[in-house]
1. Can you name every residue in the range 388-403 that is closer than 23 Å to residue 341 by Cα and either surrounded by fewer than 21 Cβ atoms within 10 Å (Cβ to Cβ) or of a type in the set (Ser, Thr, Tyr) (or both)?
2. Restricting to helices (runs of 4 or more DSSP H) lying wholly in the range 1-83: which have 3 or more residues that are surrounded by fewer than 18 Cβ atoms within 10 Å (Cβ to Cβ) and of a type in the set (D, E, K, R)?
3. Kindly indicate which of 162, 173 is surrounded by fewer than 24 Cβ atoms within 10 Å (Cβ to Cβ), farther than 16 Å from residue 83 by Cα, touching a residue at least 24 places away in the same chain (Cβ under 8 Å) and among the hydrophobic types (A, V, I, L, M, F, W, C).
4. Here's a check for you: in the range 281-296, which residue that is under 28 Å from residue 55 (Cα atoms) and in contact (Cβ under 8 Å) with a residue 60 or more places away in the chain is surrounded by the most Cβ atoms within 10 Å (Cβ to Cβ)?
5. If you scan the range 84-117, which residues turn out to be in contact (Cβ under 8 Å) with a residue 24 or more places away in the chain, assigned to a loop (DSSP other than H, G, I, E, B) and surrounded by fewer than 24 Cβ atoms within 10 Å (Cβ to Cβ)?
6. Looking at residue 274, is it buried (at least 22 other Cβ atoms within 10 Å of the Cβ) and in a loop (DSSP other than H, G, I, E, B)?
7. Only one of 106, 98, 126 is modelled with pLDDT of 90 or more and either touching a Gly at 6+ places or on another chain (Cβ under 6 Å) or farther than 13 Å from residue 27 by Cβ (or both). Can you tell me which?
Amino acid sequence: MTRHLDLRRLGQWILLGHVVGAVCGAGSALFLWLLDLATNTRVQHPQIVYALPLAGLGIGWFYQRFGQPVKAGSNLVIDTISDNGPELPLRMAPMVLFGTVLTHLFGGSAGREGTAVQLGASLTDFLSHRLRLSSALRRQLLCAGVAGGFGSVFGTPMAGMIFGLEFVVLGRIEYEALVPALIAALIGDLVTRSLGIVHTSYPTPAALPLSPLLLVKWLLFAIATALTTTLFIELVHALKKQGERFLPQLSVRMMLGGLSVLALWKLFGSDDYLGLGVPTIVRAFTDPTLPSYSFAAKLLFTALTIGAGFLGGEVTPLFFIGATLGNVLAQFLGIPLSLGAGVGLAAVFAAASNTPLALSVMAVELLGAHVLPHVVIVCVLSYLLCGHRSIYQAQRLLRTKSGSELAQMTTLRHDSGST
(Lines give C-alpha, C1' and ligand atoms only; values in the text may rest on other atoms or scores of the structure.)
Protein backbone atom coordinates (compact mmCIF):
# COMPACT_ATOMS: atom_id res chain seq x y z
CA MET A 1 0.00 0.00 0.00
CA THR A 2 2.79 2.40 0.92
CA ARG A 3 4.63 1.60 -2.29
CA HIS A 4 1.48 2.32 -4.33
CA LEU A 5 0.98 5.68 -2.61
CA ASP A 6 4.65 6.63 -3.14
CA LEU A 7 4.43 5.80 -6.85
CA ARG A 8 1.25 7.82 -7.15
CA ARG A 9 2.86 10.83 -5.53
CA LEU A 10 5.93 10.42 -7.72
CA GLY A 11 3.66 10.42 -10.76
CA GLN A 12 2.00 13.63 -9.54
CA TRP A 13 5.38 15.27 -9.00
CA ILE A 14 6.60 14.31 -12.46
CA LEU A 15 3.44 15.45 -14.25
CA LEU A 16 2.95 18.67 -12.33
CA GLY A 17 6.67 19.42 -12.35
CA HIS A 18 6.59 19.33 -16.15
CA VAL A 19 3.59 21.66 -16.25
CA VAL A 20 5.12 24.10 -13.77
CA GLY A 21 8.45 24.03 -15.62
CA ALA A 22 6.80 24.70 -18.97
CA VAL A 23 4.83 27.64 -17.56
CA CYS A 24 7.89 29.10 -15.81
CA GLY A 25 10.10 28.60 -18.85
CA ALA A 26 7.65 30.31 -21.18
CA GLY A 27 7.19 33.17 -18.70
CA SER A 28 10.94 33.62 -18.32
CA ALA A 29 11.45 33.59 -22.08
CA LEU A 30 8.87 36.35 -22.55
CA PHE A 31 10.37 38.33 -19.68
CA LEU A 32 13.97 38.02 -20.95
CA TRP A 33 12.92 38.96 -24.48
CA LEU A 34 11.15 42.08 -23.22
CA LEU A 35 14.10 42.87 -20.95
CA ASP A 36 16.55 42.70 -23.86
CA LEU A 37 14.25 44.91 -25.91
CA ALA A 38 14.06 47.47 -23.10
CA THR A 39 17.81 47.42 -22.48
CA ASN A 40 18.67 47.78 -26.17
CA THR A 41 16.21 50.66 -26.49
CA ARG A 42 17.82 52.46 -23.54
CA VAL A 43 21.34 51.88 -24.87
CA GLN A 44 20.36 53.26 -28.28
CA HIS A 45 18.49 56.22 -26.76
CA PRO A 46 20.27 57.09 -23.47
CA GLN A 47 18.28 60.31 -23.13
CA ILE A 48 15.36 58.14 -22.00
CA VAL A 49 17.04 57.94 -18.57
CA TYR A 50 15.94 61.53 -17.95
CA ALA A 51 12.37 60.19 -17.73
CA LEU A 52 13.19 57.78 -14.86
CA PRO A 53 11.64 60.06 -12.18
CA LEU A 54 8.41 60.33 -14.21
CA ALA A 55 8.43 56.58 -14.78
CA GLY A 56 8.81 56.10 -11.02
CA LEU A 57 5.87 58.42 -10.41
CA GLY A 58 3.68 56.48 -12.85
CA ILE A 59 4.72 52.99 -11.77
CA GLY A 60 4.37 53.97 -8.11
CA TRP A 61 0.86 55.35 -8.63
CA PHE A 62 -0.22 52.24 -10.52
CA TYR A 63 1.22 49.88 -7.90
CA GLN A 64 -0.28 51.86 -5.04
CA ARG A 65 -3.67 51.83 -6.78
CA PHE A 66 -3.75 48.21 -8.00
CA GLY A 67 -0.78 46.38 -6.49
CA GLN A 68 -1.31 46.49 -2.74
CA PRO A 69 -1.99 42.71 -2.50
CA VAL A 70 1.37 41.94 -4.16
CA LYS A 71 3.60 44.78 -2.97
CA ALA A 72 5.61 42.47 -0.67
CA GLY A 73 6.98 40.69 -3.75
CA SER A 74 9.33 37.79 -3.05
CA ASN A 75 8.67 38.15 0.69
CA LEU A 76 4.99 37.41 0.00
CA VAL A 77 6.05 34.23 -1.82
CA ILE A 78 8.11 33.14 1.21
CA ASP A 79 5.24 33.94 3.60
CA THR A 80 2.81 31.95 1.45
CA ILE A 81 5.09 28.92 1.30
CA SER A 82 5.78 29.04 5.03
CA ASP A 83 2.28 29.77 6.32
CA ASN A 84 0.08 28.12 3.67
CA GLY A 85 -1.35 31.58 3.09
CA PRO A 86 -4.08 32.66 0.67
CA GLU A 87 -3.65 32.18 -3.06
CA LEU A 88 -1.03 34.46 -4.56
CA PRO A 89 -2.88 37.01 -6.71
CA LEU A 90 -2.51 36.19 -10.40
CA ARG A 91 -1.97 39.89 -11.06
CA MET A 92 1.47 39.52 -9.47
CA ALA A 93 2.78 37.94 -12.69
CA PRO A 94 1.97 40.70 -15.21
CA MET A 95 2.53 43.53 -12.76
CA VAL A 96 6.02 42.48 -11.71
CA LEU A 97 6.93 41.57 -15.31
CA PHE A 98 6.00 44.88 -16.88
CA GLY A 99 7.09 46.89 -13.83
CA THR A 100 10.56 45.38 -14.06
CA VAL A 101 10.79 45.93 -17.82
CA LEU A 102 9.86 49.61 -17.33
CA THR A 103 12.44 49.95 -14.56
CA HIS A 104 15.14 48.73 -16.96
CA LEU A 105 13.83 50.70 -19.91
CA PHE A 106 14.34 53.96 -18.01
CA GLY A 107 17.69 53.00 -16.48
CA GLY A 108 16.90 51.78 -12.98
CA SER A 109 19.59 49.54 -11.49
CA ALA A 110 17.75 46.33 -10.70
CA GLY A 111 17.92 42.63 -11.45
CA ARG A 112 15.63 39.91 -12.71
CA GLU A 113 15.52 37.10 -10.13
CA GLY A 114 12.77 38.77 -8.09
CA THR A 115 10.61 38.93 -11.20
CA ALA A 116 11.33 35.30 -12.12
CA VAL A 117 10.57 34.06 -8.59
CA GLN A 118 7.29 35.99 -8.35
CA LEU A 119 6.29 35.11 -11.90
CA GLY A 120 6.90 31.41 -11.37
CA ALA A 121 5.26 31.29 -7.94
CA SER A 122 2.11 33.24 -8.86
CA LEU A 123 1.47 31.22 -12.04
CA THR A 124 2.10 27.98 -10.14
CA ASP A 125 -0.25 28.93 -7.31
CA PHE A 126 -2.98 29.79 -9.82
CA LEU A 127 -2.56 26.30 -11.25
CA SER A 128 -2.55 24.67 -7.79
CA HIS A 129 -5.84 26.27 -6.80
CA ARG A 130 -7.54 25.46 -10.10
CA LEU A 131 -6.55 21.80 -9.62
CA ARG A 132 -7.62 21.88 -5.93
CA LEU A 133 -4.35 20.38 -4.75
CA SER A 134 -3.69 19.57 -1.11
CA SER A 135 -1.87 22.17 0.98
CA ALA A 136 1.23 19.95 1.15
CA LEU A 137 1.39 19.47 -2.62
CA ARG A 138 0.65 23.14 -3.18
CA ARG A 139 3.61 24.08 -0.98
CA GLN A 140 5.88 21.71 -2.87
CA LEU A 141 4.78 23.15 -6.20
CA LEU A 142 5.36 26.70 -4.98
CA CYS A 143 8.97 25.74 -4.26
CA ALA A 144 9.05 24.16 -7.72
CA GLY A 145 7.71 27.39 -9.23
CA VAL A 146 10.51 29.34 -7.60
CA ALA A 147 13.03 26.77 -8.84
CA GLY A 148 11.63 26.87 -12.37
CA GLY A 149 11.62 30.65 -12.50
CA PHE A 150 15.11 31.09 -11.05
CA GLY A 151 16.70 28.29 -13.06
CA SER A 152 15.19 29.32 -16.39
CA VAL A 153 15.92 33.04 -16.10
CA PHE A 154 19.64 32.42 -15.51
CA GLY A 155 20.07 29.18 -17.45
CA THR A 156 21.19 27.35 -14.30
CA PRO A 157 18.64 24.60 -13.55
CA MET A 158 20.57 22.84 -10.79
CA ALA A 159 21.11 26.09 -8.94
CA GLY A 160 17.45 26.94 -9.52
CA MET A 161 16.38 23.66 -7.94
CA ILE A 162 18.53 24.19 -4.85
CA PHE A 163 17.55 27.86 -4.56
CA GLY A 164 13.86 26.91 -4.52
CA LEU A 165 14.53 24.52 -1.63
CA GLU A 166 17.03 26.67 0.28
CA PHE A 167 15.72 30.23 0.33
CA VAL A 168 12.58 29.80 2.48
CA VAL A 169 14.11 28.82 5.83
CA LEU A 170 17.61 29.97 6.71
CA GLY A 171 19.80 26.88 7.11
CA ARG A 172 17.19 24.29 6.08
CA ILE A 173 16.52 22.62 2.75
CA GLU A 174 12.92 21.75 1.83
CA TYR A 175 13.63 18.19 0.70
CA GLU A 176 9.95 17.27 0.37
CA ALA A 177 9.84 19.47 -2.76
CA LEU A 178 13.02 18.00 -4.24
CA VAL A 179 11.50 16.04 -7.15
CA PRO A 180 9.05 18.67 -8.47
CA ALA A 181 11.68 21.39 -8.04
CA LEU A 182 14.23 19.38 -10.02
CA ILE A 183 11.80 18.66 -12.84
CA ALA A 184 10.44 22.22 -12.98
CA ALA A 185 13.95 23.69 -13.08
CA LEU A 186 15.09 21.34 -15.85
CA ILE A 187 11.95 21.73 -17.97
CA GLY A 188 11.87 25.49 -17.39
CA ASP A 189 15.44 25.86 -18.63
CA LEU A 190 14.79 23.64 -21.67
CA VAL A 191 11.66 25.59 -22.61
CA THR A 192 13.37 28.97 -22.25
CA ARG A 193 16.30 27.88 -24.42
CA SER A 194 13.98 26.28 -27.00
CA LEU A 195 12.23 29.64 -27.39
CA GLY A 196 15.47 31.22 -28.56
CA ILE A 197 16.83 32.73 -25.36
CA VAL A 198 20.64 32.76 -25.20
CA HIS A 199 22.18 33.27 -21.76
CA THR A 200 25.38 35.17 -21.00
CA SER A 201 28.63 33.23 -21.29
CA TYR A 202 31.38 33.92 -18.75
CA PRO A 203 35.13 33.19 -18.99
CA THR A 204 36.15 29.87 -17.45
CA PRO A 205 38.79 30.20 -14.70
CA ALA A 206 41.78 27.86 -14.82
CA ALA A 207 42.31 25.23 -12.13
CA LEU A 208 44.14 26.42 -9.01
CA PRO A 209 45.16 24.00 -6.23
CA LEU A 210 44.47 24.91 -2.62
CA SER A 211 47.32 25.82 -0.31
CA PRO A 212 47.51 27.16 3.26
CA LEU A 213 48.35 30.63 1.94
CA LEU A 214 45.43 30.57 -0.49
CA LEU A 215 43.06 29.60 2.33
CA VAL A 216 44.15 32.70 4.24
CA LYS A 217 43.55 34.79 1.13
CA TRP A 218 40.06 33.33 0.75
CA LEU A 219 39.30 34.18 4.38
CA LEU A 220 40.27 37.82 3.75
CA PHE A 221 38.26 37.72 0.55
CA ALA A 222 35.19 36.42 2.43
CA ILE A 223 35.50 39.13 5.08
CA ALA A 224 35.47 41.79 2.35
CA THR A 225 32.48 40.25 0.55
CA ALA A 226 30.55 39.87 3.81
CA LEU A 227 31.17 43.50 4.77
CA THR A 228 30.09 44.69 1.32
CA THR A 229 26.98 42.52 1.41
CA THR A 230 26.09 43.73 4.90
CA LEU A 231 26.40 47.33 3.76
CA PHE A 232 24.10 46.65 0.80
CA ILE A 233 21.43 44.89 2.87
CA GLU A 234 21.40 47.49 5.63
CA LEU A 235 21.32 50.39 3.17
CA VAL A 236 18.42 48.95 1.15
CA HIS A 237 16.37 48.17 4.27
CA ALA A 238 17.13 51.58 5.79
CA LEU A 239 16.08 53.40 2.62
CA LYS A 240 12.84 51.41 2.46
CA LYS A 241 12.04 51.90 6.15
CA GLN A 242 12.82 55.61 6.30
CA GLY A 243 11.17 56.24 2.94
CA GLU A 244 7.93 54.62 4.09
CA ARG A 245 8.12 56.54 7.35
CA PHE A 246 8.60 60.04 5.89
CA LEU A 247 7.07 59.57 2.41
CA PRO A 248 4.04 57.29 2.65
CA GLN A 249 3.14 57.77 -1.03
CA LEU A 250 4.97 55.12 -3.07
CA SER A 251 4.78 57.25 -6.22
CA VAL A 252 6.61 60.12 -4.49
CA ARG A 253 9.28 57.77 -3.11
CA MET A 254 9.88 56.28 -6.54
CA MET A 255 10.02 59.68 -8.19
CA LEU A 256 12.65 60.87 -5.69
CA GLY A 257 14.52 57.60 -6.09
CA GLY A 258 14.52 58.14 -9.84
CA LEU A 259 15.87 61.65 -9.36
CA SER A 260 18.65 60.28 -7.13
CA VAL A 261 19.66 57.66 -9.71
CA LEU A 262 19.55 60.30 -12.43
CA ALA A 263 21.84 62.56 -10.38
CA LEU A 264 24.30 59.71 -9.82
CA TRP A 265 24.25 58.90 -13.54
CA LYS A 266 25.25 62.47 -14.35
CA LEU A 267 27.83 62.52 -11.55
CA PHE A 268 29.62 59.35 -12.70
CA GLY A 269 29.16 60.16 -16.38
CA SER A 270 28.77 56.48 -17.27
CA ASP A 271 25.97 54.13 -18.33
CA ASP A 272 27.81 51.17 -16.77
CA TYR A 273 25.82 51.30 -13.53
CA LEU A 274 22.34 51.43 -15.09
CA GLY A 275 20.19 48.37 -15.68
CA LEU A 276 21.68 44.91 -15.27
CA GLY A 277 25.27 45.83 -16.08
CA VAL A 278 26.11 42.48 -17.69
CA PRO A 279 28.89 43.83 -19.97
CA THR A 280 30.78 45.11 -16.93
CA ILE A 281 30.29 41.79 -15.12
CA VAL A 282 31.93 39.97 -18.04
CA ARG A 283 34.66 42.60 -18.23
CA ALA A 284 35.52 42.06 -14.55
CA PHE A 285 36.84 38.59 -15.41
CA THR A 286 39.58 39.87 -17.71
CA ASP A 287 40.19 43.60 -17.30
CA PRO A 288 42.65 44.71 -14.58
CA THR A 289 41.99 48.38 -15.48
CA LEU A 290 38.36 48.24 -14.36
CA PRO A 291 37.72 51.20 -12.00
CA SER A 292 38.29 50.04 -8.42
CA TYR A 293 35.16 51.88 -7.24
CA SER A 294 32.84 50.05 -9.66
CA PHE A 295 31.41 47.76 -6.98
CA ALA A 296 30.67 50.71 -4.67
CA ALA A 297 29.02 52.69 -7.47
CA LYS A 298 26.77 49.79 -8.46
CA LEU A 299 25.91 49.20 -4.80
CA LEU A 300 24.74 52.79 -4.46
CA PHE A 301 22.80 52.84 -7.76
CA THR A 302 21.03 49.58 -6.86
CA ALA A 303 20.27 50.48 -3.25
CA LEU A 304 18.64 53.72 -4.37
CA THR A 305 16.64 51.97 -7.09
CA ILE A 306 15.39 49.05 -4.99
CA GLY A 307 15.09 51.10 -1.80
CA ALA A 308 12.80 53.57 -3.57
CA GLY A 309 10.46 50.77 -4.62
CA PHE A 310 11.35 50.13 -8.26
CA LEU A 311 10.63 46.59 -9.39
CA GLY A 312 13.14 43.88 -10.22
CA GLY A 313 15.50 41.75 -8.23
CA GLU A 314 18.90 42.06 -6.66
CA VAL A 315 20.75 39.07 -8.13
CA THR A 316 22.35 40.53 -11.25
CA PRO A 317 23.33 43.81 -9.55
CA LEU A 318 24.82 41.72 -6.73
CA PHE A 319 26.64 39.67 -9.38
CA PHE A 320 28.01 42.98 -10.65
CA ILE A 321 29.03 44.08 -7.16
CA GLY A 322 30.61 40.70 -6.40
CA ALA A 323 32.46 40.33 -9.70
CA THR A 324 33.89 43.86 -9.66
CA LEU A 325 34.80 43.58 -5.97
CA GLY A 326 36.42 40.22 -6.77
CA ASN A 327 38.37 41.92 -9.55
CA VAL A 328 39.84 44.38 -7.03
CA LEU A 329 40.49 41.77 -4.34
CA ALA A 330 42.10 39.35 -6.80
CA GLN A 331 44.67 41.95 -7.81
CA PHE A 332 45.33 42.93 -4.20
CA LEU A 333 45.64 39.32 -2.94
CA GLY A 334 47.44 37.85 -5.93
CA ILE A 335 44.59 35.56 -7.05
CA PRO A 336 43.90 34.92 -10.76
CA LEU A 337 41.56 37.63 -11.99
CA SER A 338 38.90 35.38 -13.52
CA LEU A 339 38.76 33.20 -10.42
CA GLY A 340 38.45 36.18 -8.09
CA ALA A 341 35.67 37.71 -10.18
CA GLY A 342 33.82 34.39 -10.39
CA VAL A 343 34.04 33.66 -6.69
CA GLY A 344 32.98 37.21 -5.83
CA LEU A 345 30.03 37.00 -8.22
CA ALA A 346 28.66 33.99 -6.35
CA ALA A 347 29.67 34.88 -2.79
CA VAL A 348 27.98 38.27 -2.51
CA PHE A 349 24.57 36.95 -3.51
CA ALA A 350 25.07 33.76 -1.48
CA ALA A 351 25.55 35.91 1.62
CA ALA A 352 22.75 38.33 0.73
CA SER A 353 20.17 35.57 0.22
CA ASN A 354 21.47 32.95 2.70
CA THR A 355 21.77 30.40 -0.12
CA PRO A 356 25.44 29.29 -0.16
CA LEU A 357 24.72 25.88 -1.66
CA ALA A 358 22.64 27.19 -4.55
CA LEU A 359 25.20 29.83 -5.45
CA SER A 360 28.11 27.41 -5.24
CA VAL A 361 26.31 25.17 -7.74
CA MET A 362 25.38 28.18 -9.84
CA ALA A 363 29.04 29.16 -10.08
CA VAL A 364 29.87 25.70 -11.41
CA GLU A 365 27.07 25.89 -13.99
CA LEU A 366 28.19 29.33 -15.15
CA LEU A 367 31.98 29.04 -14.83
CA GLY A 368 32.92 25.36 -14.82
CA ALA A 369 34.14 22.92 -12.18
CA HIS A 370 37.51 24.63 -11.69
CA VAL A 371 35.85 27.16 -9.35
CA LEU A 372 35.58 24.32 -6.83
CA PRO A 373 36.40 24.22 -3.95
CA HIS A 374 37.20 27.93 -3.84
CA VAL A 375 33.66 29.19 -4.41
CA VAL A 376 32.21 26.88 -1.75
CA ILE A 377 34.73 28.05 0.85
CA VAL A 378 34.05 31.74 0.24
CA CYS A 379 30.26 31.37 -0.12
CA VAL A 380 30.01 29.52 3.21
CA LEU A 381 32.32 31.94 5.03
CA SER A 382 30.51 34.98 3.62
CA TYR A 383 27.15 33.46 4.54
CA LEU A 384 28.30 32.95 8.15
CA LEU A 385 29.98 36.33 8.50
CA CYS A 386 26.89 38.24 7.34
CA GLY A 387 24.95 37.17 10.41
CA HIS A 388 21.16 36.96 10.35
CA ARG A 389 20.60 39.41 7.53
CA SER A 390 18.96 38.92 4.17
CA ILE A 391 17.58 40.77 1.20
CA TYR A 392 14.49 38.61 1.89
CA GLN A 393 13.26 39.72 5.30
CA ALA A 394 10.49 37.12 5.30
CA GLN A 395 13.03 34.27 5.45
CA ARG A 396 12.32 32.01 8.41
CA LEU A 397 14.86 31.44 11.15
CA LEU A 398 14.59 28.12 12.97
CA ARG A 399 18.10 28.00 14.38
CA THR A 400 20.95 30.47 14.45
CA LYS A 401 23.95 30.14 12.17
CA SER A 402 25.93 29.05 15.22
CA GLY A 403 23.58 26.04 15.51
CA SER A 404 21.42 27.10 18.47
CA GLU A 405 17.77 26.15 17.99
CA LEU A 406 15.19 28.84 18.73
CA ALA A 407 12.16 28.24 20.91
CA GLN A 408 9.95 29.04 17.91
CA MET A 409 10.47 29.90 14.28
CA THR A 410 10.70 33.61 13.58
CA THR A 411 11.38 35.78 10.55
CA LEU A 412 14.36 37.95 9.76
CA ARG A 413 12.00 40.93 9.88
CA HIS A 414 12.32 40.67 13.63
CA ASP A 415 15.98 39.66 13.62
CA SER A 416 17.48 41.76 10.85
CA GLY A 417 20.81 43.23 11.77
CA SER A 418 21.65 40.79 14.54
CA THR A 419 24.81 38.78 14.34
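The values are calculated or read from the model by the stated rules, or taken from the named source; none is laboratory data. In this text, all values refer to a predicted model and were calculated from it rather than measured experimentally. Positions of Cβ are generated from backbone atoms using ideal geometry, with glycine treated the same way; all protein chains shown enter the neighbour counts.
1. Scanning the range 388-403 gives a single hit, 390.
2. 2-44
3. It is 173.
4. 295
5. 84, 87, 89, 90, 91
6. yes
7. Answer to the selection: 106.
Conditions (1) under 25 Å from residue 106 (Cα atoms); (2) buried (at least 22 other Cβ atoms within 10 Å of the Cβ); (3) not hydroxyl-bearing (Ser, Thr, Tyr), marked per residue:
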site: 250; (1), (2), (3): yes, yes, yes
site: 265; (1), (2), (3): yes, no, yes
site: 279; (1), (2), (3): yes, no, yes
site: 310; (1), (2), (3): yes, yes, yes
site: 326; (1), (2), (3): no, yes, yes
